[in-house]
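The values are calculated or read from the model by the stated rules, or taken from the named source; none is laboratory data. A quick note: this is a predicted structure, and the numbers were derived from the prediction, not measured. Glycine gets a Cβ as well: all are built from the backbone with ideal geometry, and neighbour counts include every protein chain shown.
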Amino acid sequence: MRVTRRSVAAAIVVAIASCPLPCWPAGSAEVAAAGSRLADRSRELLDYRCANDLGVRQVTLFANGTVRLREGLGKEPRMQLGEIGPVELDGYLRRLEAEDLSEVHDRHESAEGTWVERCTLRVALDGKPPRELAFSRYDSLPLPVATIVRVADELADHTRAVNALPHGYRPHPGDVLRRADGVLFRVVGFTADKLGLELQGVEQPLVLYVRPEDLPALFEALVSRARP
């Protein structure tokens, strides 16, 4: 039997016509999904940053639900990561998408000074033009901007909560706690009046006295508990 180019082309056409739609190589859908997930890990939907000469606070929401929080004094703020589930993410996105920024000016006149926190707000949502706004921390903001800032603050609070001391934590001598700047402290015990708590640095010659109720604001994690 003689095989011609025309007969080969006809066979290819028949094969394509009989292939169920969509007719893609096996695994291509999985590859596309994996690529989309990888892109979502780095795609920023919301970024809110305030800084002055003393420090910085920045919260970023990524398309995959990751929340990155950077805050602290000095040039090397501490970074914390959190995750929100698909349902929570959809709820936050609906709140962001409901705000109309089309009539909001990019910049607001505000007070100047080294102590004044200068803020930038960047929003990049699907189906909407990206926006970048600049203002100071204590400006009187338009309602849509104030609502988006409130969402950013909620995301920051959520991230702090998952990087916090255990709920209802009660200190015991020998417990090791990690402060927000990463320094480790060991609980020594209560002061003589039972109103304060003495802690000593594990790796540095530091002594700290705090009220027990202030521990959650100063320390981010219980590294190890005292042995009974």
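Pairing residues of region 87-105 that are more than 19 Å from Leu141 (Cβ to Cβ) with residues that are not basic (Lys, Arg), at Cβ distances under 8 Å and at least 6 apart in sequence or on separate chains, gives Glu88/Gly65; Leu89/Gly65; Leu93/Leu45; Leu93/Leu125. Scanning region 130-153 for residues that are in contact with a His (Cβ under 9 Å, 6 or more places away or on another chain) and either aromatic (Phe, Trp, Tyr) or not assigned by TED's automatic domain parsing to the domain that holds Asp53 (or both) yields a single hit, Phe135. Name every residue in region 178-195 that is in contact with a Lys or Arg (Cβ under 8 Å, 6 or more places away or on another chain) and surrounded by 14 or more Cβ atoms within 10 Å (Cβ to Cβ), in order of residue number. Within region 178-195, Ala180, Leu184, Phe185 meet the criteria.
State whether one or more residues within region 76-88 are of a type in the set (D, E, K, R), surrounded by fewer than 10 Cβ atoms within 10 Å (Cβ to Cβ) and at pLDDT 70 or above. For region 76-88, residues of a type in the set (D, E, K, R), surrounded by fewer than 10 Cβ atoms within 10 Å (Cβ to Cβ) and at pLDDT 70 or above: absent. Any residue at all in region 202-215 that is surrounded by 12 or more Cβ atoms within 10 Å (Cβ to Cβ), touching a helix residue (DSSP H, G or I) at 6+ places or on another chain (Cβ under 7 Å) and either more than 17 Å from Val59 (Cβ to Cβ) or in the same structural domain as Arg122 (by TED's automatic domain parsing) (or both)? Yes, some residue in region 202-215 is surrounded by 12 or more Cβ atoms within 10 Å (Cβ to Cβ), touching a helix residue (DSSP H, G or I) at 6+ places or on another chain (Cβ under 7 Å) and either more than 17 Å from Val59 (Cβ to Cβ) or in the same structural domain as Arg122 (by TED's automatic domain parsing) (or both). Being among the hydroxyl-bearing types (Ser, Thr, Tyr) and in contact (Cβ under 8 Å) with a residue 60 or more places away in the chain, is that true of even one residue in region 147-158? No; the residues of region 147-158 include none that is among the hydroxyl-bearing types (Ser, Thr, Tyr) and in contact (Cβ under 8 Å) with a residue 60 or more places away in the chain.
Of the numbered criteria (1) part of a strand (DSSP E or B); (2) touching a Leu at 6+ places or on another chain (Cβ under 7 Å), the one Gly189 fails is (2). Of all residue pairs spaced 6 or more apart or on separate chains, those with beta-carbon atoms under 8 Å, a first member in region 42-67 that is crowded, with 21+ Cβ neighbours inside 10 Å and a second member that is of a type in the set (Ser, Thr, Tyr) and at pLDDT below 95 are Val59/Thr159; Val67/Thr159. Tell me which residues, restricted to region 66-99, are in contact with a Pro (Cβ under 7 Å, 6 or more places away or on another chain) and either among the basic types (Lys, Arg) or within 26 Å of Ala221 (Cα to Cα) (or both). Selection gives Arg70, Glu71.
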